[in-house]
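Engineer: Mind looking over this structure? Questions follow.
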Amino acid sequence: PSQLLASLYDDAYVYHFTRVREGEAGATVRAYHGAELPYTFGTHSGWMTTTDTDRQLTEQILGYWTAFATTGKPSAVGLPAWPAFSATDERVMEFGDVAAVEDAPEPVLCRIFRRAVRETGRASN
């Protein structure tokens, strides 16, 4: 999916959210789908432990999203550079305990999706 977006637009930026909150609730739900939303909007609630690490990651994510909304590129002073994703550079921003660039975690899925799009000529059924 990321490579299809990269082929359709000048720049595509992909992230992989892996932050697991401390405490019992975090250990239970782990890095679930949508877990990045409190970080994206700064809306942490009391049922999950929120530490200084979570607050720092929130500030980083807010910085990236604000820069992206303003300039079309998630680049901001003081934040690690977020490379555009491409078929030749499959790096993504990982939001774990800190923001850091990593190789795409599931390149095999990207290749399967790319092949299916090539064979069918479309991204979905």
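The values are calculated or read from the model by the stated rules, or taken from the named source; none is laboratory data. Since this is a predicted model, take the numbers as computed values, not measurements. Every residue, glycine among them, receives a Cβ derived from its backbone with ideal geometry; neighbour counts consider all protein chains shown.
Engineer: Modelled with pLDDT of 90 or more and in contact with a Ser or Thr (Cβ under 9 Å, 6 or more places away or on another chain): which single residue out of THR71, THR66, THR50 fits that description?
Structural biologist: Values: THR71 fails: in contact with a Ser or Thr (Cβ under 9 Å, 6 or more places away or on another chain); THR66 fails: in contact with a Ser or Thr (Cβ under 9 Å, 6 or more places away or on another chain).
Answer to the check: THR50.
Engineer: Just the residues that are surrounded by 15 or more Cβ atoms within 10 Å (Cβ to Cβ) and modelled with pLDDT under 90, please, taken from segment 93-105.
Structural biologist: The one that is surrounded by 15 or more Cβ atoms within 10 Å (Cβ to Cβ) and modelled with pLDDT under 90: ALA104.
Engineer: Another question about this same structure. Does any residue of segment 100-119 turn out to be in contact (Cβ under 8 Å) with a residue 40 or more places away in the chain and touching a Pro at 6+ places or on another chain (Cβ under 6 Å)?
Structural biologist: Yes.
Engineer: Out of segment 54-86, which residues are over 14 Å from GLU36 (Cβ atoms), among the charged types (D, E, K, R) and in contact (Cβ under 8 Å) with a residue 12 or more places away in the chain?
Structural biologist: Selection gives LYS73 alone.
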